[in-house]
Amino acid sequence: MAEEESDQRGGARVSAVHLKLGALAGVVKAALLSSYEMASEGTVLQGSRLMIEELPVVAHCPKCLAPRTLDSPQWFICPVCKSPVSEIVQGRELQVFALELQE
Amino acid sequence: MILQTRLVEVRQNVLKQNDLVARELRQRFHSAGVCVVSLVSSPGSGKTAFLESTLTLMRPNYRVAALVGDLATDNDAARLARSKAPVRQITTGTLCHLEAAMVRDALEGWDLDQLDFLFIENVGNLVCPASYDVGEDLRVVLLSVTEGEDKPLKYPTIFNTADLAVLTKMDLAAAVEFDLAAADSNIQRVRPGMPVLRVSSKNGAGMDEWLRFLASARQTPLVAASTGFVEAGRTT
């Protein structure tokens, strides 16, 4: 992904990768950070920074008819009206959101 | 030359490749009319015994087959083969979960049109399998009574991506003083409204209800969208 972008921009150096990480992605931030340097060695990402934005779970509350940020990924209830919520609108992300290129 | 830093939005899912293959698989399954059910759980929760019993009970009435993922051995495939249903092993090596491409490759040569149900037994693991769509219609999470009632709270992601929870080894529930009410409540906390079945593969208790559940799932496909697994946050 990063290589493609870099190639498209005449081999621009990728200085940072911005990642969105949902609380339900099943991946731990610390593990990603600790493996990033090793995994990026010898690639276009070598020496770049990994910037992780952690996202809480947001679900649509059927009673409030509004998106609500859950207090915990272990309890799917609306923090306002305490109704059970199941329609997740945010929280599963494991997404490369943006790349910082030096050109 | 002065270097300028530019932020380029890419918005690509890290697991995009898997999602694409899973989508292709789901289309193939639907056009072949096969109902695909995946089983996920921790190691030792009774997936293989449950599946062996399921295959044996279903064979008189349905055309069934199974894929089974395992890190290193083909023990599970050998056990499932006793049901006389077609079974294929996917050996994942050091990988702790199945990916859509592995399922696709394992299906090579099978005529899906000739199947009513395909079961996919994932590698025993409550973490990574949650993130990988394998094209299933229905994801079933197993929780054995010997594991303790709080597993759903420890692994909310996998319970949240499932369509059905099955409590296994119910014949041992009294011996281990399993708190059914607490287990139910913990499941509902992380996945409100999820149906929960209680079975014993050993004495057959609850298997009727499970077979009825499968029959109705085949009639009215859930298309996995009910979980939000396909849609929520994974579309880009």
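Data overview
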read-out	value
Size of charge dipole - chain B - debye, nearest 20, with Cβ of Lys, Arg +1 and Asp, Glu -1, no other charges	220 debye
Label-point separation, B:E9 to A:D71 (7 Å along Cα→Cβ), nm	3.4 nm
³J(HN,Hα), Karplus 6.51/-1.76/1.60, whole Hz, each residue of segment B:38-45, x for Gly, Pro	9, 10, 10, 5, 6, x, x, 8
Relative exposure of B:D111, B:D105, judged by other C-beta atoms within 10 Å (fewest first)	B:D111, B:D105
Per-q log10 I(q)/I(0), segment B:16-225, q = 0.11, 0.12 Å⁻¹ (Debye; single scatterer per alpha-carbon; no solvent)	-0.47, -0.56
Descending principal axes extents, segment A:2-102, alpha-carbon based, whole Å	52, 26, 14
Over chain B: helical MRE at 222 nm, DSSP H runs n ≥ 4 each giving -39500 (n - 2.57), nearest 500	-9500 deg cm²/dmol
Full-stretch length increase - A:E54, A:V80 - with 0.36 nm per residue and alpha-carbon distance subtracted	7.1 nm
Inter-label distance, nm, simple model (7 Å from Cα along the C-beta direction), B:S31/B:N61	3.0 nm
Kirkwood hydrodynamic radius over Cα pairs of the protein assembly as shown, then Stokes diffusion coefficient at 4 °C and 1.567 mPa s, in µm²/s	61 µm²/s
Sorted by Cβ neighbour density within 10 Å, fewest at the top, the residues A:M51, B:M207	A:M51, B:M207
Too-long pairs where the Cα-Cα distance tops 19 Å, listed order kept, from B:K47/B:K202; A:K29/B:K151; A:K29/B:K154	A:K29/B:K151
14 Å cut-off, amide nitrogen to a point 7 angstrom out along B:A182 Cα→Cβ, residues in segment A:32-72	none
Antiparallel content of DSSP bridges confined to the protein assembly as shown, in %, to 5	40 percent
Dipole of segment A:48-90, positive direction: furthest Cα of A:C81, A:I52, A:T69, with charges on the beta-carbon	A:C81
Peptide-level mean, for A:72-79, of C-beta atoms on other protein chains within 10 Å	5
Beta bridges per DSSP with both ends in segment A:2-102, % antiparallel, nearest 5	70 percent
Least to most buried among A:V27, B:V36 (fewest other Cβ within 10 Å first)	A:V27, B:V36
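Read-outs: derived from the displayed coordinates by stated rules, not from any lab. As the structure is a computational prediction, the values presented were derived from the model and not from experiment. So basically every Cβ, Gly included, is an ideal-geometry build from the backbone, and we count neighbours across all protein chains shown.
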